[in-house]
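Nothing in this text is a laboratory measurement; each read-out follows from the coordinates by a stated rule. Just so it is clear, the model here is predicted, and its values are computed rather than measured. Using ideal geometry, Cβ is built from the backbone for each residue, glycine included, and neighbour counts are taken over all protein chains shown.
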Amino acid sequence: MEKKTGMFVMGDCRVMVTIDNGKWHLSISKQRSLPTYNELKTARYKYIPNEVYMAQIFPPVEEFVNVHPFCLHLFEI
């Protein structure tokens, strides 16, 4: 089954899936706390094709952006 881009609700998480510059990007957030490891993992396998490798990326501090305090990102590597 081909996964699709868009905005999704998964329990009390909000998930946004996009393809940026040809690579998958998943953002997952909650209103009052960070998503748990299991929520992040569930979203990855629910919304991103299985054959894609995903990772959290920590850029140099001067390039780090934090717009939402309770949001995590996965990027295709």
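Some values worked out for this structure:
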quantity	calculated
Sites matching chymotrypsin sites (Phe, Trp or Tyr not before Pro) across the stretch 1-69 that sit in DSSP coil, with at most 15 neighbouring C-beta atoms within 10 Å	53, 64
Cα-based reach from residue 41 at 16 Å (exclusive), listing aspartates and glutamates while leaving out same-chain residues under 8 positions away	12, 51, 76
Gained length - residue 41 relative to residue 12, 0.36 nm times residue gap less alpha-carbon distance	9.0 nm
Magnitude of the charge dipole, the chain, Cβ model with Lys/Arg +1 and Asp/Glu -1, debye to 20	320 debye
Quarter of the Cα convex hull surface for the stretch 6-76, i.e. its orientation-mean projected area (nm²)	5.0 nm²
Rel. contact order, % - alpha carbon contacts under 8 angstrom, at least six apart, the stretch 6-76	35 percent
